[in-house]
Each structure stands twice: as C-alpha cells, then as structure tokens.
Amino acid sequence: MKQFIQGIVGNNHQATHLLQILRQIQSRYHYIPEAAIEQLSGLLNIPRTQIIGVVEFYSFFHLTPRGQYELLISDSITDHMLGKKNLLDYLENKLGVAVGEVRADGVVSLDNTSCTGMCDQGPAGLVNGYALTRLDRSGIDKIAALINQQKPLSEWPSELFQVDDNIYKPGLLLNQQLEQGAALRAVLQRGIKETLTEIDKSGLRGRGGAGFKTAIKWQFCSEEQQAERYAVCNADEGEPGTFKDRVLLNALADQVFEGMTVCAAIIGAKQGFLYLRGEYLHLYDKLQNILDRRRRNGLLGSNILDAGWDFDIEICLGAGAYICGEESALIESLEGKAGIPRNRPPYPVTQGYLGKPTVVNNVETFLAAAGIAVNGGDWFAGIGTEKSKGTKILSISGDCARPGIYEYPFGVTIQTILHDCGADDVLGVQVGGPSGSFISDQEFERKLAFEDLATGGSFIIFNTSRNILDMVHNFTDFFAHESCGFCTPCRVGTSLLKKQMDKIVEGHGSAGDVVALEELCQLVKNYSHCGLGQTAANPILTTLERYPDLYQSRLKEISYEPGFDLDGALETARRMANRDDAGAHLAQIEANEHE
Amino acid sequence: MSKTITIDGKTIPFEEGQTIMDAAMAAGVYIPHLCHQPEFTPHGSCKLCTVKVNGRNCSACTYPAMDGQDVLNETKELVDDRKKITQMLFVEGNHFCPSCEKTGNCQLQAVAYHLNMLDNHFPLFYPDREVDASHAEVMIDHNRCIFCALCVRASQQTDGKDVFTLSGRGIHKHLVVNAQSGLLKDTDIDATDRAAHICPTGAILIKRTGYQVPIGERIYDHKQIDQVALETEHLKHGE
C-alpha cells in the first residue's frame with residue numbers, strides 16, 4: 001500500500017489533491033485504511049484530523065472496509081416510483097446482505113445513495129462508482145451472479161452500464177452544431193471586450209437556478225486586481241431529478257469546454273476545472289480524451305490557436321455530497337477539503353479557489369456562452385421572455401411516457417411540457433427538484449421563467465396514484481442526509497423536520513403539530529447558512545400551502561399526543577418486573593380522555 | 001467623516017474592516033453569540049448572532065459593517081428565533097445543567113437564560129456520545145459539544161497546534177482529536193493551551209478543578225451574559 005500511495009501522490013504534494021487521492025485509495029482498498037491516513041498526513045504535510053474530516057464528510061469514502069463490490073442503489077423519489085423498494089428487498093435476498101452492511105465474506109456491500117442522475121432510466125445504482133441503469137429482477141440476477149463469481153467489472157455485460165441521452169426535444173442549444181474551435185475563433189475575431197458585450201446583450205443568466213447575470217459575474221471577476229484567476233464548471237448536478245448536465249457532457253462536451261475557454265479569455269484565467277460529480281465517473285475517461293484531443297488540436301493548453309492564449313482544464317471528481325453543488329462548497333472541495341459553504345462576502349468572484357478570483361458557472365451556462373460567442377447576443381436574446389432570455393434545458397422524469405431531455409424557450413407553460421412528454425392524469429409537478437416548488441394541477445398555466453417558476457431544470461411528474469406525503473418524506477430525508485452540519489438551523493433543523501414529518505405521517509401527530517412543523521420550516525429557511533438549509537423546508541412548505549387537509553387528516557383528534565410511545569417505553573420495566581398484565585400497560589391518551 | 005451603521009435605531013460608528021459584531025460590541029451593544037470570540041477568525045456557524053441588515057438575515061460576526069446599514073437586533077422575531085436556535089443546540093446533545101460542572105460558567109446556559117428559554121421545545125435527540133477522560137489533565141465530554149469550533153481555532157491560531165477538528169456531516173457532526181488512537185491523551189494538548197480553556201460549554205474541562213468555585217459564585221450567577229461579554233470581550237478586542 002505504501003508504494004501504491006506514493007505512486008498516486010507522485011511528486012505533487014499539494015493538499016488540494018486530497019480528494020482525488022482518497023478516491024483512488026477507496027477504489028483500490030474499498031476503504032481508507034489508517035496507515036494510508038498516516039502516510040498521506042506526512043506526504044501532504046497536513047494533520048491527520050484534516051484527512052479524517054474529509055473522509056467522514058463524503059458519502060463515497062469510508063474508514064471501515066466496504067465490499068470489494070460496493071453496490072449503491074439510488075434513493076431518488078423517481079427510483080421509488082419505479083419500484084425501488086421491491087428491488088432492494090430482492091437484492092438483499094439475492095446477495096445475502098442487508099442494506100448498510102458488508103457481507104461476511106467481504107465480497108459485497110449494499111447501501112442507499114442520493115439520486116444518481118439516472119431518473120429517466122431508473123431504478124439506478126452504482127457499482128464501485130460506475131452507473132447502473134434500468135435495474136430489474138433479471139438484471140439483479142445477473143449482477144448477483146457476477147458478484148458471486150467475483151468477475152471484474154470489465155467483464156460485466158455492457159448493457160448493465162448503458163446510459164442513454166434520451167433527447168426528445170432539442171432547441172436552440174441542443175440543435176447547435178458548432179465546428180470545433182468556432183467559439184474561440186469568434187472571440188479572436190470579435191475581440192475579448194466585444195465578446196463580453198455580446199454575452200451581456202444575450203441576457204444570459206446562470207442556469208443552475210439562481211439566475212445571476214453571467215456577463216456581470218465575468219466582468220466583476222475580470223476587474224479584480226489579481227494575477228491569477230480561475231474558471232470553474234459546476235457539473236455537480238445533485239438536485240434529485242436533474243440529469244441534463246450528464247447529457248450535455250456526453251453529447252456536447254466540446255461546446256462546454258469551449259464556453260469555459262471563452263470565459264477564461266474574458267476573465268483572464270489560465271486554469272479551469274470541471275467539477276464532475278462522482279456519480280458520473282462513467283464520463284471521466286471520455287471527457288479526458290476530449291480534453292487531450294483539444295490540446296492536440298491547439299484549442300486548449302498553451303498558445304491556443306497560435307494566439308498566445310493559455311488555458312487548460314483539469315477534471316476533478318466529487319465523492320458523494322450534494323452540498324458541493326453550492327459554489328463556495330464546490331471551491332472548498334476543489335481545494336481538497338470538506339464541502340462546507342463559505343461565509344459571504346467575499347464572493348468567489350473576488351476570493352474563490354485558493355483565495356483568487358473565480359467564476360463558477362453551470363454546464364448549461366458555458367454551453368450557451370459558446371453559442372453566443374459564435375452567433376452573437378441577439379441570437380439568444382431573441383428567444384424567451386423579457387426577464388428570462390434564451391432556452392432552458394429540462395430533465396423530465398416521473399409519470400410520463402417519454403422521460404428525458406427537453407429544451408424550451410423560457411416562458412413555456414407547464415401544460416405544454418406535460419403534453420409533449422406524454423403525461424396523463426397528473427396530480428402535480430415538482431419543479432426545480434426538492435429545493436424548488438410543488439405545483440398542483442390548478443397551476444399548469446404557470447410559466448418556466450425566472451419571474452415565475454425559476455428552475456435548475458429538474459421536472460418530476462406525479463400522477464394521481466401517488467401520495468404527496470411520501471414524496472415530501474423522501475425529500476425531507478434527503479436534505480437531512482445531505483446537510484453539511486456547519487450551522488445550527490440546518491444541522492439540527494433538517495433532522496427535526498424529518499422527525500416531525502415522521503411523527504405526522506406515522507399518525508402520531510395531534511392538533512398543534514402542523515403549526516409546529518410550519519414554524520420549524522420558517523426557522524430553517526430563514527436562518528440557515530446557505531441555499532441547502534434555506535430551501536430544505538420547501539417540500540413541506542409548498543405542499544402544506546396547497547394541501548393543508550392532507551396534513552391535517554393525518555392528525556389524531558386529540559389536543560395532545562405524547563412525543564413518544566408511552567407503552568413502548570415501559571417495555572424494559574415490564575421485562576425486569578416479569579409482568580405483562582393489564583396493569584403493566586399504559587394507554588396513550590385517548591382512553592383516559594374518554595373516561 | 002467617520003462611517004456609521006444603526007442598530008435598532010441607535011447610530012454606531014465603525015472602522016473599515018470591522019464586522020457588525022465588532023462595531024456593536026465596541027459600542028456596548030450585545031448581540032447574542034456562542035461560536036464567536038474576538039480573538040479568533042469568525043466562524044459564523046451557531047447563527048445566534050443573526051441580525052436583519054437592510055431587511056436580510058446576516059450573521060453579525062462575519063458580515064462586514066458598511067456605511068448606512070440599518071441593522072435590527074433586539075426585535076421580538078429575532079429574539080424568539082434565537083431562543084429556538086438555542087433550544088436546537090440543547091436537544092441535539094445531552095445537556096444536564098444541574099449535574100454539569102460548568103453550570104453557572106456555561107455560555108450556552110447563560111445565553112438560554114438571557115433569551116428566557118424555559119423548556120426544550122423540540123424533541124430530544126438523546127445521542128449516544130462518549131466521554132474521553134484519557135488525558136491526565138484535560139477531559140472531553142462529547143455530550144456537551146455544540147460544534148462551535150472555538151477549540152479548533154484556538155489550537156490552530158493561538159497554540160500553534162492542530163489538536164481538534166470537526167468531522168462528519170449533518171447531525172453526525174463530531175469533534176475528533178489529532179491522534180491515531182483517537183484519544184486526547186495521545187495528542188500534544190497541554191492543560192495550559194488556550195484550546196483547553198475556550199469551550200463555551202462543559203465539553204472540554206480541566207480535571208481536578210471541579211467545584212473549586214462554588215455554585216452561586218460563578219460568572220453568570222450574578223451577571224447576565226450580555227454584561228459579561230461586553231466587559232470581557234470588548235476589552236480583549238481593544239488590546
């Protein structure tokens with residue numbers, strides 16, 4: 001192991017590479033052994049506590065051994081809608097291992113994982129980091145057999161790993177065929193300042209969901225008095241129900257890289273990063289090859305297009321943490337640390353990666369920027385609404401005939417989208433993922449746009465056979481699982497929300513409990529440190545607003561219900577006293593009230 | 001012309017580079033806080049010092065003071081919500097004030113009194129946490145840790161060591177110490193380290209000093225935390 005670790009660290013003793021080093025150790029040994037921590041602490045010259053802090057932060061790292069086959073099943077609501085629960089039970093039986101456990105022989109471990117971004121082709125999972133799609137019983141039979149024969153992944157049938165793009169409705173961006181280097185040549189021809197003017201004219205706003213104007217972000221960054229600057233592409237799409245960045249990177253990576261290079265020219269960056277979520281490991285080699293080809297073709301690296309323009313891109317993989325989609329947490333993660341959002345100000349455009357001015361933009365934003373560099377601002381601004389220019393690429397999943405990728409001009413109604421993807425009998429739509437809003441069937445005339453329904457692109461459809469509280473429950477658990485734990489309102493609050501939802505859904509709630517739930521939601525929303533906590537209560541708040549009766553109907557008709565099971569709490573006492581008669585039992589409240 | 005902000009309508013001067021907390025404390029205005037001590041880099045995690053700045057919630061300990069800011073501090077809404085945040089800190093750990101050596105000297109307890117916290121409000125988590133009494137002179141009772149990172153910062157910034165770090169995620173956040181055994185005795189902490197004395201609760205205690213100061217004669221037995229903080233933290237800041 002000593003040699004292996006020495007080999008991966010090489011001569012690069014920078015602690016910024018810790019995450020990437022740990023990924024390789026986990027992949028080889030299926031945990032991070034104590035000896036590795038000791039050795040890394042010496043090689044990188046950082047305290048061992050810092051390494052443990054990183055290992056314990058990311059879901060894909062472990063301090064104790066996992067199986068040689070680390071099997072994870074996606075826990076997105078869309079996987080549940082496709083029968084995940086039954087499949088997981090089947091998988092447990094078939095493999096002889098319980099969820100969260102490692103089989104006694106150490107060959108396989110099984111666990112849940114947050115949405116893997118395969119919602120249009122689930123139920124999905126990961127084996128040793130590689131995406132598994134369209135899991136069904138026959139697929140599981142195959143997987144179980146392969147694992148029991150200890151066949152290396154390279155010998156597994158490729159259909160298990162087949163990932164489809166499922167582009168059903170291309171628009172301005174998805175139809176765009178750009179010759180390689182076209183955007184870069186356009187920048188050289190038009191001039192850097194003039195290109196920024198076109199980006200400004202296009203009205204392009206960040207596609208991650210927050211919608212900050214791209215040209216302003218780039219301009220702020222370019223005006224900082226610093227020698228080094230960085231351009232970062234956020235490909236950590238962890239919002240459950242989002243998968244369009246996976247498709248963009250599979251189908252249009254050149255244009256995304258070109259958009260980053262355009263940005264680099266404008267802000268004056270020599271180095272860029274693609275922060276790729278760990279769940280998209282299957283794209284890694286392909287993207288590296290594209291970067292290599294671009295370097296060979298003079299479109300990346302030193303002296304781009306012989307114009308004395310230097311810029312290169314490094315791909316950094318995440319390790320299972322939704323919070324790293326938040327830009328300052330992403331930067332922390334790029335620096336090899338736990339993804340804890342920073343205090344702001346300063347903003348990344350002034351102090352980002354290694355304290356230097358940094359632009360972080362979504363994959364789709366860079367894709368659009370490449371198109372705008374070639375076609376000019378009007379090409380983009382001519383489409384959409386006044387406040388939301390251009391198109392939005394959506395990831396559509398859930399109850400519809402054709403789940404996949406759809407591109408629409410901003411301003412499109414929910415109704416139009418539902419019609420196009422073949423959704424009938426619709427109860428409602430979760431727009432923007434769990435952190436967005438639930439839209440009921442009374443609101444299908446509403447529009448996707450920053451001024452109405454802003455979205456990062458997640459669009460999950462629920463038909464009338466679905467239970468809204470199941471969805472809320474799933475989303476609330478998700479946020480509690482993904483909270484980074486830095487600030488009190490989110491660390492404690494998301495877990496309290498989970499407890500309070502459990503109480504109500506399981507029928508232990510009473511009169512004041514819905515009010516208490518709403519109060520707690522407001523507290524978590526208003527006081528949390530970052531967007532995760534500030535939106536964690538949205539699933540509850542947006543459904544409570546629309547379906548108050550749904551929550552009320554779960555409550556008991558009493559004014560007070562103990563927060564725990566009174567009779568259950570007496571179990572130990574009964575055992576000790578060796579009694580089980582009527583007098584050794586306690587009713588909850590009702591019996592007394594009726595006396 | 002010196003620059004000013006207003007806090008609850010009162011005009012307060014500040015110097016460039018000061019946070020709202022710095023300016024407030026220097027002017028004798030108390031903003032409740034637990035993870036902040038002026039001698040260390042602000043952390044901004046406990047969120048007790050949340051104030052409304054021009055209508056937006058901000059952490060006073062990290063947010064820079066800027067000319068003309070209209071800051072709200074003692075509104076009913078903020079005071080009520082700070083109480084709830086304090087209640088969150090109580091229920092996530094195991095805090096039994098009557099049997100804790102820190103009672104009367106504990107900032108968590110004192111803030112709770114200051115905010116008129118009379119119950120836990122939220123259901124208790126009863127987490128299973130350990131006590132590390134391995135070290136000859138310093139002990140950690142993890143049941144009382146509120147993840148303020150003051151010991152982490154004191155060890156790095158004052159003691160020049162790296163004894164502590166916060167690890168884990170979400171509700172599983174926990175304090176770890178820098179030793180292969182995971183035990184305090186195998187770290188390079190000394191009882192004279194700043195980190196051994198900075199804990200606002202009873203999570204890090206010096207052994208064999210318990211109850212030397214009798215209950216009834218402790219810091220917060222006769223003074224509220226706002227008065228103590230303004231007297232002690234302001235002085236330190238001016239040094």
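I'd like the full set of residues that are at the interface with chain B (Cβ under 8 Å from one of its Cβ atoms), open to solvent by 10 Å² or more (accessible area, probe 1.4 Å) and part of a helix (DSSP H, G or I), limited to region A:457-489.
A:ALA480, A:HIS481
Regarding B:ALA136, is this residue at pLDDT 95 or above and either away from every other protein chain (no Cβ under 14 Å) or part of a strand (DSSP E or B) (or both)? Before the answer, list the steps.
On the way: at pLDDT 95 or above: yes; either away from every other protein chain (no Cβ under 14 Å) or part of a strand (DSSP E or B) (or both): yes.
So B:ALA136 fits the description; yes.
Got a number for residues in region B:121-133 being assigned to a loop (DSSP other than H, G, I, E, B) and either open to solvent by less than 70 Å² (accessible area, probe 1.4 Å) or facing chain A (nearest Cβ under 10 Å) (or both)?
Looking only at region B:121-133, we keep the residues that are assigned to a loop (DSSP other than H, G, I, E, B), and these are B:121-130, B:133.
Subset that is either open to solvent by less than 70 Å² (accessible area, probe 1.4 Å) or facing chain A (nearest Cβ under 10 Å) (or both): B:121-125, B:127, B:129, B:133.
Here the count works out to 8.
Looking at A:ASP425, A:ASP441, A:ASP420, A:ASP452, can you tell me which residue is at positive phi and surrounded by fewer than 22 Cβ atoms within 10 Å (Cβ to Cβ)? Walk me through how you get there before you give the answer.
Working: A:ASP441 fails: at positive phi; A:ASP420 fails: at positive phi; A:ASP452 fails: at positive phi.
That would be A:ASP425, the only listed residue that is at positive phi and surrounded by fewer than 22 Cβ atoms within 10 Å (Cβ to Cβ).
Tell me the residue from A:GLY238, A:GLY206 that is surrounded by fewer than 22 Cβ atoms within 10 Å (Cβ to Cβ) and under 30 Å from A:ASN289 (Cα atoms), please.
A:GLY206
Is it the case that some residue within region A:430-452 is among the basic types (Lys, Arg) and in contact with a helix residue (DSSP H, G or I) (Cβ under 7 Å, 6 or more places away or on another chain)? Reasoning before the result, please.
Of the residues in region A:430-452, the ones among the basic types (Lys, Arg) are A:446-447.
Okay, now just the ones that are also in contact with a helix residue (DSSP H, G or I) (Cβ under 7 Å, 6 or more places away or on another chain), so A:446.
Scanning region A:430-452 turns up at least one residue that is among the basic types (Lys, Arg) and in contact with a helix residue (DSSP H, G or I) (Cβ under 7 Å, 6 or more places away or on another chain).
For the subset of region A:525-545 comprising residues that are within 20 Å of B:GLU77 (Cα to Cα) and part of a loop (DSSP other than H, G, I, E, B), which member is farthest from the other protein chains (Cβ to nearest Cβ)?
A:ALA537
With respect to A:GLY171, determine if the residue is open to solvent by less than 50 Å² (accessible area, probe 1.4 Å), within 27 Å of A:ALA381 (Cα to Cα), modelled with pLDDT of 95 or more and not acidic (Asp, Glu). It would help to see each step written out before you state the result.
Working: open to solvent by less than 50 Å² (accessible area, probe 1.4 Å): yes; within 27 Å of A:ALA381 (Cα to Cα): yes; modelled with pLDDT of 95 or more: yes; not acidic (Asp, Glu): yes.
So A:GLY171 passes the test.
Which residues, taken from region B:218-227, are more than 17 Å from B:GLY202 (Cα to Cα) and of a type outside the set (S, T, N, Q)? Spell out the reasoning first.
Step one: of region B:218-227, the residues more than 17 Å from B:GLY202 (Cα to Cα) are B:222-224, B:226-227.
Hits for region B:218-227 are B:HIS222, B:LYS223, B:ASP226.
Looking for whichever is of a type outside the set (A, V, I, L, M, F, W, C) and without any contact (Cβ under 8 Å) to a residue 60 or more places away in the chain here; the options are A:GLU407, A:GLU443. Which one fits?
Numbers: A:GLU407 fails: without any contact (Cβ under 8 Å) to a residue 60 or more places away in the chain.
Every option except A:GLU443 fails the conditions.
I'm trying to understand the selection: among the residues of region A:171-186, which are part of a loop (DSSP other than H, G, I, E, B) and either over 21 Å from A:ASP292 (Cβ atoms) or of a type in the set (Val, Ile, Thr) (or both)?
So the first thing to find is which residues in region A:171-186 are part of a loop (DSSP other than H, G, I, E, B), and the list is A:171-181.
A:GLY171, A:LEU172, A:LEU173, A:LEU174, A:ASN175, A:GLN176, A:GLN177, listed by residue number.
If a residue must be without any contact (Cβ under 8 Å) to a residue 12 or more places away in the chain, under 15 Å from A:ILE147 (Cβ atoms) and not charged (D, E, K, R), how many such residues does region A:83-136 contain?
The number of residues fulfilling the criteria is 3.
Of the residues that sit in region A:344-395 and are farther than 28 Å from A:LEU418 by Cβ and either of a type in the set (S, T, N, Q) or assigned to a strand (DSSP E or B) (or both), which one is most open to solvent (accessible area, probe 1.4 Å)?
Applying the first criterion (farther than 28 Å from A:LEU418 by Cβ) to region A:344-395 yields A:344-361, A:366, A:369-370, A:372-379.
This time we only want the ones that are either of a type in the set (S, T, N, Q) or assigned to a strand (DSSP E or B) (or both), so: A:350-351, A:358-361, A:375.
Numbers: A:THR350: 44, A:GLN351: 99, A:THR358: 2, A:VAL359: 0, A:VAL360: 7, A:ASN361: 8, A:ASN375: 67 Å².
For region A:344-395, the residue satisfying everything is A:GLN351.
If A:ALA511 satisfies every condition in (1) away from chain B (no Cβ under 14 Å); (2) assigned to a helix (DSSP H, G or I) but one, which is the exception?
Looking at each condition in turn, A:ALA511 falls short on (2).
Would you please name the residue that is farthest from the other protein chains (Cβ to nearest Cβ), looking only at residues in region A:490-508 that are charged (D, E, K, R) and open to solvent by 10 Å² or more (accessible area, probe 1.4 Å)?
We begin by selecting, within region A:490-508, every residue charged (D, E, K, R); these are A:491, A:498-499, A:502-503, A:506.
Now narrow it down to the ones that are open to solvent by 10 Å² or more (accessible area, probe 1.4 Å): A:498-499, A:502-503, A:506.
Details: A:LYS498: 9, A:LYS499: 6, A:ASP502: 10, A:LYS503: 8, A:GLU506: 14 Å.
Among those that are charged (D, E, K, R) and open to solvent by 10 Å² or more (accessible area, probe 1.4 Å), it is A:GLU506.
On the basis of being among the aliphatic types (A, V, I, L, M), farther than 21 Å from A:PHE486 by Cβ and surrounded by fewer than 22 Cβ atoms within 10 Å (Cβ to Cβ), does A:ILE315 make the cut?
Values: among the aliphatic types (A, V, I, L, M): yes; farther than 21 Å from A:PHE486 by Cβ: yes; surrounded by fewer than 22 Cβ atoms within 10 Å (Cβ to Cβ): yes.
Spelling it out, A:ILE315 is indeed among the aliphatic types (A, V, I, L, M), farther than 21 Å from A:PHE486 by Cβ and surrounded by fewer than 22 Cβ atoms within 10 Å (Cβ to Cβ).
Going through B:ILE146, B:ILE171 one at a time, which residue ends up being within 12 Å of chain A (Cβ to nearest Cβ), open to solvent by 20 Å² or more (accessible area, probe 1.4 Å) and within 22 Å of A:PHE486 (Cα to Cα)?
Matching residue, one of B:ILE146, B:ILE171: B:ILE171.
Looking at (1) over 18 Å from A:GLY533 (Cα atoms); (2) among the polar types (S, T, N, Q); (3) within 10 Å of chain A (Cβ to nearest Cβ), can you tell me which one B:ASN57 breaks?
Failing condition for B:ASN57: (1).
Among the residues of region B:101-111, which ones are open to solvent by 10 Å² or more (accessible area, probe 1.4 Å) and either within 14 Å of chain A (Cβ to nearest Cβ) or in a helix (DSSP H, G or I) (or both)? Lay out the reasoning, then the answer.
Going residue by residue through region B:101-111, those that are open to solvent by 10 Å² or more (accessible area, probe 1.4 Å) are B:101-103, B:105-107, B:109.
Correct list: B:GLN107, B:GLN109.
When the residues of region B:174-220 are narrowed to those that are surrounded by 14 or more Cβ atoms within 10 Å (Cβ to Cβ) and of a type in the set (Ser, Thr, Tyr), which ends up nearest to A:ILE52 (Cα to Cα)?
In this case the residue turns out to be B:THR187.
Among what's in region A:514-524 and is open to solvent by 30 Å² or more (accessible area, probe 1.4 Å) and at the interface with chain B (Cβ under 10 Å from one of its Cβ atoms), pick the residue that is nearest to A:PRO341 (Cα to Cα).
First, pick out the residues of region A:514-524 that are open to solvent by 30 Å² or more (accessible area, probe 1.4 Å): A:515-516, A:518-519, A:522.
With the extra rule that they be at the interface with chain B (Cβ under 10 Å from one of its Cβ atoms), the set shrinks to A:516, A:519, A:522.
On the way: A:ALA516: 28, A:GLU519: 25, A:GLN522: 21 Å.
By that ranking, first place goes to A:GLN522.
The values are calculated or read from the model by the stated rules, or taken from the named source; none is laboratory data. Computed from a prediction, not measured in an experiment: that's the story for all the values here. When we count neighbours, we look across all protein chains shown, and the Cβ atoms used for this are built from the backbone with ideal geometry, even at glycine. Quick note on the areas: whole protein, heavy atoms, side chains included, nothing else; ligands and nucleic acids left out. Shrake-Rupley method; radii C 1.70, N 1.55, O 1.52, S 1.80 Å.
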